[in-house]
Amino acid sequence: MLVGSMFGTLCRTPQTPAMTSPPHAASLAPTALIDSDHPAVAAFAERHALGADDRERAVSLYRAVRDQFRYDPYRIDLSPDGMRASRVIEQGFGWCVPKAALMAAAARAAGIPARVGYADVRNHLSTERMRRAMQTDLFIWHGFAELWLDGGWIKATPAFNNDLCERFGLLPLEWDGRSDSLYHPFDCEGRRHMEYVSERGSFDDMPLERIVNDFARTYPAWEGLAAAGVSFDADVRQETP
């Protein structure tokens, strides 16, 4: 049985100095992984950054990143080429870390300061095959984006596409550009389903070396999912009514 719910909530978290510190040049600059200067990212931002102000344009980008690219945690390629933001556009799918990178890259391409953030969480959406490979319910380096809007950094989590949510009869995680978009700690029946264990921090560029090293130590069998050629979508269909 597939466990976890994606019933989302919008909340205003306490504004620490790190969350109110103004953006700097790196918040708008392209990097090798947050490649906002890639032609595909620039074109994506031009098509989807729609609205009268930065907040509306950011929300439009969020919905496009969330819903146009399927969430797929089986096909994880931790090479620099596999983790760059533009790769999500090329493939048409991604998982939380590269989708967060795409959100940040598209925002930067649209002139909105952005960075990436990470946290360790429990009870992340998973399948039986994924749980066997992970051998834990702790999902490390869970990715989201932070955009500078109205004088503060606001978290946006575009990981789970709307179609996946509908498959489980769950609400997609919305974002209004005013409050942090986080996962609700309880499902609609009041059962705990996701817990943020620890924050990893916010970064102007993806800390890929740290992610790769931590994944190798924590999930030594995960690469077998991609090597086996199995399908996340097929497992989801099999494990849902």
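Brief remarks on what is shown
- In this structure, the amide hydrogen of Glu195, modeled 1.01 Å from its nitrogen in the peptide plane, lies closer than 5 angstrom to those of Arg122, counting only residues at least 5 positions away or on a different chain.
- Note, ³J(HN,Hα) from phi for the stretch 114-121, Karplus 6.51, -1.76, 1.60, rounded to Hz, x at Gly and Pro: 8, 8, 10, x, 9, 8, 9, 10
- Solvent-accessible surface (1.4 angstrom probe) belonging to Val197, in square angstrom, nearest 10: 70
- Shape of the stretch 33-142, Cα gyration tensor, a/c cut at 1.5: prolate
- Heavy-atom surface of the stretch 190-241, accessible at 1.4 Å and reported per residue (Å²): 60
- Here the 3J(HN,Hα) profile of the stretch 63-79, calculated from phi with Karplus coefficients 6.51, -1.76 and 1.60 at θ = phi - 60°, is 5, 5, 5, 4, 9, 8, 10, 5, 6, 8, x, 7, 8, 9, 10, 8, 6 Hz, Gly and Pro shown as x.
- Solvent exposure of Glu46, expressed as accessible area, is near 150 Å², computed with a probe of 1.4 Å over the protein chains only.
The values are calculated or read from the model by the stated rules, or taken from the named source; none is laboratory data. Worth saying up front: this structure is predicted, and the values here are computed from it rather than measured. Side chains included, ligands, DNA and RNA excluded: accessible areas come from the protein's heavy atoms. Shrake-Rupley method; radii C 1.70, N 1.55, O 1.52, S 1.80 Å.
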